[in-house]
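Chemist: This is the structure, below, for whatever I ask next.
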Amino acid sequence: SQQGEEDPQALSIQEGENATMNCSYKTSINNLQWYRQNSGRGLVHLILIRSNEREKHSGRLRVTLDTSKKSSSLLITASRAADTASYFCATDEGAQKLVFGQGTRLTINP
Amino acid sequence: DAGVIQSPRHEVTEMGQEVTLRCKPISGHDYLFWYRQTMMRGLELLIYFNNNVPIDDSGMPEDRFSAKMPNASFSTLKIQPSEPRDSAVYFCASSPTLTLGETQYFGPGTRLLVL
């Protein structure tokens, strides 16, 4: 089953600009996570936000969570070429396992 | 810690052959997950273990797939016989003892091509 769905599927911006990716999900969650995947590599955990949190920051990353709309957004500020990757949101299904979305492919142009 | 270790990193085999993928989780992690990633289906959970015991194998596509975890530091995913549609990147991930749904740590993946 696919819980999270990212939007847009692909995003291309200039270096230095901000990148915003969105994730929508269907059922109640305990937490939502964002992961990054560089080409040909495994997924790397970026940030986890719990259902009772509305916003969380980590360096240049800002995540928001709106449980009433069942949606989350990931903002990367002052983007760099090294941020080029695919970004996935993942939600827990009854705290039993993670379900990943299809991902947003982000390209940062120099 | 070296992180999650997977081998081989690449595997090319012919249809009908047996394929065995290996994973060493992060020491002390009680949960181990096997995923498959394809362009068409994205990242799919195949099976996960808790303390070496398979908990949920509902994602295993068919009987050709089997997974074992004989001890806390080693797991295998076997495909027998392999088919071209099994071509994908297979990831192993582990997670520490906590409520499930916490952070998972992924290995680099095994890229499988079945001809």
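Just so you know, all these numbers are worked out from the coordinates, no wet-lab data involved. Just so it is clear, the model here is predicted, and its values are computed rather than measured. Quick reminder, even Gly has a Cβ in these numbers, built from the backbone with ideal geometry, and neighbours come from all protein chains shown.
Chemist: Of everything in region B:49-94, what is under 11 Å from B:Cys23 (Cβ atoms), of a type in the set (Ser, Thr, Tyr) and away from chain A (no Cβ under 14 Å)? Give them in sequence order.
Modeler: Matches in region B:49-94: B:Ser73, B:Ser75, B:Thr76.
Chemist: Another question, then. It is to be established whether one or more residues within region A:30-46 are within 14 Å of another protein chain (Cβ to nearest Cβ), in contact with a helix residue (DSSP H, G or I) (Cβ under 9 Å, 6 or more places away or on another chain) and not in a loop (DSSP other than H, G, I, E, B).
Modeler: Yes, that holds for at least one residue.
Chemist: Tell me which strands (runs of 3 or more DSSP E) are completely within region B:31-113 and hold 3 or more residues being over 11 Å from the mean Cα position of the chain (by Cα) and over 15 Å from A:Ala90 (Cβ atoms), or say none if there are none.
Modeler: Here the list reads B:53-56.
Chemist: Scan (1) farther than 28 Å from B:Gly3 by Cβ; (2) surrounded by fewer than 16 Cβ atoms within 10 Å (Cβ to Cβ); (3) out of contact with any Asp or Glu (no Cβ under 9 Å at 6 or more places or on another chain) for the single condition A:Glu5 breaks and write down its number.
Modeler: (2)
Chemist: Okay, moving on. Working only within region A:63-93, note down all residues that are free of Cβ contacts under 8 Å to residues at least 40 places away in the same chain and small (Gly, Ala, Ser).
Modeler: A:Ser68, A:Ala82
Conditions (1) free of Cβ contacts under 8 Å to residues at least 40 places away in the same chain; (2) under 16 Å from B:Leu112 (Cα atoms), marked per residue:
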position	(1), (2)
B:Val4	no, no
B:Arg9	no, yes
B:Leu21	no, yes
B:Leu32	no, no
B:Arg36	no, yes
B:Met40	yes, yes
B:Leu43	no, yes
B:Asp57	yes, no
B:Phe65	yes, yes
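Chemist: Please specify each residue of region A:62-110 satisfying the condition of being part of a loop (DSSP other than H, G, I, E, B) and away from every other protein chain (no Cβ under 14 Å).
Modeler: Once the filter is applied, which keeps residues that are part of a loop (DSSP other than H, G, I, E, B) and away from every other protein chain (no Cβ under 14 Å), region A:62-110 yields A:Thr67, A:Ser68, A:Lys69, A:Lys70, A:Thr77, A:Ala78, A:Ser79, A:Arg80, A:Thr84, A:Pro110.
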